[in-house]
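Working notes, structure below.
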Amino acid sequence: MSSDAKLILKRDVHAERWEHQERGDYNLDRFDQEFRERLYSERGREILRAQSQSTTIRIDEPKR
Amino acid sequence: MDPDEFLRQVKLLTGSEVKGRDQVDRDSLAAILRDDSTSLDCSHLNELLLLVHKDRVEGPFFHYFFGPDCTVGIFPKCVADFQRAAMRLYGNFVFAYRTLSRIKDANEFALKVTEIAKEPATELDSFRNRRRKLLEVDRIARDLTPFVGYLSMADIPADFRSCELLLSASKEVGSEANWGQYRSEVEVMANPEQLAPLLQIVDNYRISVPAASVSDFGVFLAQSFDLLTARRADVQAVRVRATRNQDTYLTWDHMDVYFATSMRKAWEYKDLYDFIEGLMASDDLTDLNLRYFDPTQAYTDNRINKGLVEALMLKRARCTVYSVQDTDTLGKDSELASTLAQGKPVIAFIPDVDLETRAGQLADEDPATILERLQFVLYADERLAQRLGAEEYDLVGRVQDQLAEYCTRRVWLSLPDEGAASRFRASLGQDLVVFCRLLAKSETAVYDKRAQTLKEAHPLALQVNLATGVANGVLVVRSIPDCAALLRRILLSDMEFTLEEKDEMWFLRERISGCIYRVVTNDRKLNNCFWNFYLR
């Protein structure tokens, strides 16, 4: 490759938002689970769980 | 025909020089061969062969290659027919002559030449009279095909989980919160290593809707969450259908064509879908009721099983069509090599794009796709920079920056925003048109180089049938009509060849592609070493 082409290539190009691990694993559920694990902090997971439970409780409450 | 020409023809027939030429009775030869219309039967040929110290031939050999109408004049044509057959069956003239000329039994001879003796009309009948399939492939629509890939759909679960987290943060802080409070909550909920991309989503939304409040963002996230949930469901549904298709492919009793390709980006799935649709709708193929493995329609969620499935398809298909897309990868290169090593034909399709049409297609693409195309040509086209004038060079850099900025500023990566894309294209105006034309020119240069490499330069464009040692060459075509015509000829056993001797080699060149299909070298050392390991 010529040095000129490298100059264009090395410009401040758009970086991928997420770094997805490239592998031959095609299982969507596993990818989803692993991504979720990576995304949340411990506290974030607690908050999500609590919100999920409160939604469940509201749904389960008998109508008055 | 004079005696010297006859000695040359006998050398071509037997694959070796006539020894003891000084002891050949040239006067007798000259008298026999003087008149081109003199007919030759099997006994005549054998007497001529013994006159020049060569082994005689049996009846089936004479009947197949020379026939009842053989004369002195058409003897060279019959020898060339034998050479073509020898190159296709054995890749070795000496061995072919020794093997085939000594067979006395007509049935045994017929078995030896079965592969090249099929009648195209009979083959055509058998294709046309095929019964309907018990199991059909459930054809997945073009725009949904990227969902059968892993890398091509990874942004969907990533967007979905990001949206889930941001929505939870919005619920946690409530509708009255300000942006500072909201960001703090996101920082609490996110893994610090993943915080930057999450905040980028927030920032991108605020840039696109500057007056928006946290409450507005919460409404936007709830809507996005529903859309992303639906998209995830689409992926799952497509994969269920594609898994069933995989089972259908596995159970088919026969397979005609395997499509080898590597697909990572969404547009690579769509490109291959278009190519296969266009090819199979060609007049040359529609009457054949073909069965083909289309990788855009199949899915396996386990990489080991996926590899095994593809290996089985390669074994079962009669030929492979190798779609030369952007990147040469281990996957499709292995598939090409595996097919050649089995002695089956490989057609390499390398598009010969019309510059203006292609430039128009590129300009209509999603900006992220256009940027990926630029990254491809920067990687693959070594002469791109030299071709650009100073103004063009600046324009490429400028448009690249704007494309990168657009891609970075998207809120979601997996939800297309047609309105934003249209506004972006309009803002670039004529710059985008010029840019896409330069891109198309560069793509053309890359494809031309790939075609030239496969046709003329790369040693492994010819590989060896591991069972027989016969060299097997890749057949390169540049248009769908040529690809369809060649595929038809392959499947109907109706390929046409020209025979050439050049640079101490014999070449069998396929007519439609102009590519070398079989080869015999005259290098004595290589020949002896090579065939010691295959034919002894």
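The values are calculated or read from the model by the stated rules, or taken from the named source; none is laboratory data. Source: prediction; values computed, not measured. Backbone-built Cβ (ideal geometry, glycine too); neighbour counts: all protein chains shown.
Annotations
- Lone qualifier among B:Lys133, B:Lys118 - being more than 13 Å from B:Arg291 (Cα to Cα), modelled with pLDDT under 95 and under 26 Å from the mean Cα position of the chain (by Cα): B:Lys118
- The listed residue being within 14 Å of chain A (Cβ to nearest Cβ) and surrounded by 20 or more Cβ atoms within 10 Å (Cβ to Cβ), out of B:Ser162, B:Ser101: B:Ser162
- Residues in segment B:223-248 that are aliphatic (A, V, I, L, M) and more than 13 Å from every other protein chain (Cβ to nearest Cβ) were compared, and the one that is nearest to the chain's Cα centre (by Cα) is B:Ala230.
- Meets criteria (among the aliphatic types (A, V, I, L, M), surrounded by fewer than 18 Cβ atoms within 10 Å (Cβ to Cβ) and in contact (Cβ under 8 Å) with a residue 60 or more places away in the chain) for B:Ala80: yes
- For segment B:127-159, filtered to residues that are buried (at least 17 other Cβ atoms within 10 Å of the Cβ) and charged (D, E, K, R), the residue that is farthest from the other protein chains (Cβ to nearest Cβ) is B:Asp159.
- Residues in segment B:30-49 that are touching a residue at least 24 places away in the same chain (Cβ under 8 Å) and within 18 Å of B:Ile103 (Cα to Cα): B:Asp41, B:Cys42, B:Leu45, B:Leu49.
- In a residue-by-residue description of segment B:362-378, the property of being facing chain A (nearest Cβ under 9 Å) and among the charged types (D, E, K, R) applies to no position.
- B:Leu279 under 28 Å from B:Ile512 (Cβ atoms) and in contact with a Ser or Thr (Cβ under 6 Å, 6 or more places away or on another chain): no
- Segment B:396-423 residues that are on the phi < 0 side of the Ramachandran plot and more than 8 Å from chain A (Cβ to nearest Cβ), paired with ones that are buried (at least 19 other Cβ atoms within 10 Å of the Cβ) and among the β-branched types (Val, Ile, Thr) (beta carbon under 7 Å, 6 or more apart): B:Val411/B:Ile201; B:Ser414/B:Ile156
- Residue list for segment B:437-468, restricted to those being modelled with pLDDT of 90 or more and small (Gly, Ala, Ser): B:Ala440, B:Ser442, B:Ala445, B:Ala451
- Check on B:Arg488, modelled with pLDDT of 95 or more, over 16 Å from B:Arg88 (Cβ atoms) and among the charged types (D, E, K, R): yes
- Of the residues screened, B:Arg303 is not one that is surrounded by 15 or more Cβ atoms within 10 Å (Cβ to Cβ) and of a type in the set (Lys, Arg).
- Test: B:Val309 is part of a strand (DSSP E or B) and either under 20 Å from the mean Cα position of the chain (by Cα) or not basic (Lys, Arg) (or both): no
- Residues of segment B:242-263 that are of a type in the set (Asp, Glu) and under 17 Å from B:Thr320 (Cα atoms): B:Asp256 alone.
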